[in-house]
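Note sheet for the following structure.
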Amino acid sequence: MTTVPQVSVASADLLAAVEQELNAARFIDVHTHLFMPALRNLGLWGIDQLITYHYLEAELFRSSRITPRQYFALSKREQADAIWNALFVENTPVSEAARGVVAVLHGLGLGTSDLGEAREFFASQPLDRHIDRVFELGGISEAVMTNDPLDPEEAPAWEHGPAHDPRFHPVLRLDRILNRWPDHWRALESKGYEADERGSSMDGVRRFLADWVRRMKPVYMAVSLPDTFQFPEDSIRGRLLAQAILPACREFHLPLSLMIGVRYQVNPAIRLAGDGAGKADLRAVERLCADFGENRYLVSVLSRENQHELCVYARKFSNLMPFGCWWFLNNPSIVEEITRERIEMLGTSFIPQHSDARVLEQVIYKWRNTRRTMAPILANAYGLLAADGRAVTREEIRRDIHRLFRGNFEKWIAP
Ligand code: HDL
Ligand code: ZN
């Protein structure tokens, strides 16, 4: 069979070629807070949810005299009105999160200064078809969820066996177990799983995890961890990780996602917006990868100062997959630095981004931004390669983008 010779892309054409291949590709969004509709509509969508995103709530309190107490006493619509006025009318929406709302409205073909028109549009959208349109505009085929088996609102929805939705993948989220055991062990005990305050018995936790893996069929297990996270550690969390979570991940061939570096509720008055960021001691990641080498890890760290170390550890441990530019890092100026050092140190063996979307339509702007930031970075990498003697073909660009935004994840979660 004659193979069509692959044509190298001229350096002057690299940026356009990369942009076209990024736009043509459909990504997997490996970490979001979106929900499939079958989960009793836990998912957030529409303009008032977009405007009251906790990123924008934090910005409101810097640009308005309204206090958190006054704000949280308002209705969702009144909250949106307050944020719209402060950040989109009285000031220019140039922050990443504010410009994102503008990009969503523009992407949906709506005016970007007419809140009333936007509300009428979203009120008229049938959700299921709207999801398909939004995913298409975001250039994603699937979104990975965050599912909490101890959330009193979500858990019952799973116990009714919601139908599988190919657009969404479940994840078993473990924060209540690993970070707040004293507050939640009784929930396990009340459901018939052996548990006590000291976390001395692991059998009950293992049975709980096994039951939820079988019920939820997650693609990985996940936990966010404080900047103070240590491992190994003589603590309930240390024991639960080593004796329950990691063995369960091995038993069900699931990766464990560790999102490390949160300073929880540094300002509780602003609720979900009240978390901060801190530099973590990544020797914990080193010990997990080294001492539990049969486990596979997805790791994202919240401190910009931890990014280079994470790349070094990824070079040491092939069971470590760095992913995303998480939360306060998901800004083009920082994404560029992180992604360039990952390409320099890891080639295409990492997962560049996730959206962390909490509101459905955010995938439109978060992935638009990723493509816009990624294109010159990849084109620059190929340009340097050409200058050093090796041009790339269109097919190689397509293959690399597939690996970065689909293949690495698909390989990681394959049983
Ligand atoms: O713990 C997490 O998954 C974080 O992403 C938090 O949800 C955080 O509040 C967030 O929304 N980041 O974007
Ligand atoms: Zn998240």
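What helices (runs of 4 or more DSSP H), lying completely within segment 133-219, carry at least 1 residues that are within 16 Å of ligand 2 (Cβ to nearest atom)?
Of the helices (runs of 4 or more DSSP H) lying wholly inside segment 133-219, those with at least 1 residues that are within 16 Å of ligand 2 (Cβ to nearest atom) span 175-178.
How about segment 344-375: which of its residues are part of a loop (DSSP other than H, G, I, E, B), under 20 Å from H402 (Cβ atoms) and open to solvent by 10 Å² or more (accessible area, probe 1.4 Å)?
Within segment 344-375, G347, T348, S349 meet the criteria.
Can you tell me which residues in segment 15-60 are within 16 Å of ligand 1 (Cβ to nearest atom), among the hydrophobic types (A, V, I, L, M, F, W, C) and part of a loop (DSSP other than H, G, I, E, B)?
V30, L34, F35, L42, W45, listed by residue number.
Can you confirm whether E159 is of a type in the set (D, E, K, R) and modelled with pLDDT of 95 or more?
Here the answer is no, as E159 does not meet what is asked.
Residues that are more than 16 Å from ligand 1 (Cβ to nearest atom), closer than 22 Å to A414 by Cβ and in a helix (DSSP H, G or I): does segment 287-310 have at least one?
Yes: one or more hits.
Among (1) out of contact with any Pro (no Cβ under 9 Å at 6 or more places or on another chain); (2) open to solvent by 10 Å² or more (accessible area, probe 1.4 Å); (3) away from ligand 1 (no atom under 16 Å from the Cβ), which single condition is Y313 missing?
It fails just one condition, (1).
Examine segment 165-187 for a residue that is aliphatic (A, V, I, L, M) and more than 21 Å from the chain's Cα centre (by Cα), and state whether such a residue exists.
Scanning segment 165-187 turns up at least one residue that is aliphatic (A, V, I, L, M) and more than 21 Å from the chain's Cα centre (by Cα).
Can you pull out every residue in segment 10-51 that is open to solvent by less than 10 Å² (accessible area, probe 1.4 Å) and within 28 Å of A277 (Cβ to Cβ)?
F27, I28, D29, V30, H31, T32, L34, L50, I51
Restricting the search to segment 211-256, which residues are open to solvent by 10 Å² or more (accessible area, probe 1.4 Å), away from ligand 1 (no atom under 16 Å from the Cβ) and within 27 Å of F35 (Cα to Cα)?
Those that are open to solvent by 10 Å² or more (accessible area, probe 1.4 Å), away from ligand 1 (no atom under 16 Å from the Cβ) and within 27 Å of F35 (Cα to Cα): D211, V213, R214, R215, K217, R250, E251, F252, H253, L254.
Could you list all residues from segment 295-329 that are touching a residue at least 40 places away in the same chain (Cβ under 8 Å) and closer than 22 Å to G407 by Cβ?
N295, R296, Y297, L298, V299, S300, M321, F323, G324, W326
Count, please, the residues in segment 109-140 that happen to be polar (S, T, N, Q) and under 25 Å from T370 (Cβ atoms).
2
For segment 312-334, which positions are within 27 Å of Q362 (Cβ to Cβ) and in a helix (DSSP H, G or I)?
Correct list: W327, F328, L329, P332, S333, I334.
Any idea which of (1) touching a strand residue (DSSP E or B) at 6+ places or on another chain (Cβ under 9 Å); (2) within 16 Å of ligand 2 (Cβ to nearest atom); (3) open to solvent by 20 Å² or more (accessible area, probe 1.4 Å) is the one G324 doesn't satisfy?
It fails just one condition, (3).
Go through (1) hydrophobic (A, V, I, L, M, F, W, C); (2) more than 26 Å from F35 (Cα to Cα); (3) open to solvent by less than 10 Å² (accessible area, probe 1.4 Å) and name the single condition A381 misses.
(3) is the only condition that A381 fails.
Here's a check for you: in segment 129-140, which residue that is over 20 Å from the mean Cα position of the chain (by Cα) and either surrounded by 12 or more Cβ atoms within 10 Å (Cβ to Cβ) or among the hydroxyl-bearing types (S, T, Y) (or both) is nearest to W84 (Cα to Cα)?
If we take residues in segment 129-140 being over 20 Å from the mean Cα position of the chain (by Cα) and either surrounded by 12 or more Cβ atoms within 10 Å (Cβ to Cβ) or among the hydroxyl-bearing types (S, T, Y) (or both), then H130 is nearest to W84 (Cα to Cα).
The values are calculated or read from the model by the stated rules, or taken from the named source; none is laboratory data. Quick caveat: nothing in here was measured; it's all calculated off a predicted structure. Glycine gets a Cβ as well: all are built from the backbone with ideal geometry, and neighbour counts include every protein chain shown. All accessible areas refer to the heavy atoms of the entire protein, side chains included, with ligands and DNA or RNA removed. Shrake-Rupley method; radii C 1.70, N 1.55, O 1.52, S 1.80 Å.
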